[in-house]
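Heads up, the thing below is written out as structure tokens.
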Amino acid sequence: MAFGDYNNDLEMLENAYFSFAMENAHPLVKSVARFKTKSNNDLGVELVLEELLKKNKLVINS
């Protein structure tokens, strides 16, 4: 899983199946990422991770 917003993130996004472009991302980043999320200022990464945890009912052993 990878999140990106600018061209320095392209290689990382190309290599991650779950690749997310932030809403404020450069157009090239948006064209490479498989998914989109809210901007950094709108907690885009947090929103994706919260949804993932809810849907998968992930159990974390401490």
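The values are calculated or read from the model by the stated rules, or taken from the named source; none is laboratory data. Given the structure is predicted, the values throughout are model-derived calculations rather than measurements. When we count neighbours, we look across all protein chains shown, and the Cβ atoms used for this are built from the backbone with ideal geometry, even at glycine.
Some values worked out for this structure:
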item: Tabulated pairs, the range 31-57, first assigned to a helix (DSSP H, G or I), second of a type in the set (Gly, Ala, Ser), C-beta under 8 angstrom, 6+ apart or interchain; result: Val32/Ser19; Val32/Ala21
item: Filter result for the condition that a residue is touching a residue at least 12 places away in the same chain (Cβ under 8 Å) and out of contact with any Cys (no Cβ under 6 Å at 6 or more places or on another chain), over Asn24, Asn8; result: Asn24
item: Filter result for Ser19 (at pLDDT below 95 and either surrounded by 12 or more Cβ atoms within 10 Å (Cβ to Cβ) or among the hydroxyl-bearing types (Ser, Thr, Tyr) (or both)); result: no
item: Hey, Asn56 surrounded by fewer than 12 Cβ atoms within 10 Å (Cβ to Cβ), at pLDDT 95 or above and more than 10 Å from the chain's Cα centre (by Cα) or not; result: no
item: Residues that are within 13 Å of Gly44 (Cβ to Cβ) and not polar (S, T, N, Q), drawn from the range 10-31; result: Phe20, Ala21, Met22, Glu23, Ala25, Val29, Lys30
item: Flag if Ala25 is part of a strand (DSSP E or B), touching a strand residue (DSSP E or B) at 6+ places or on another chain (Cβ under 8 Å) and surrounded by 12 or more Cβ atoms within 10 Å (Cβ to Cβ); result: no
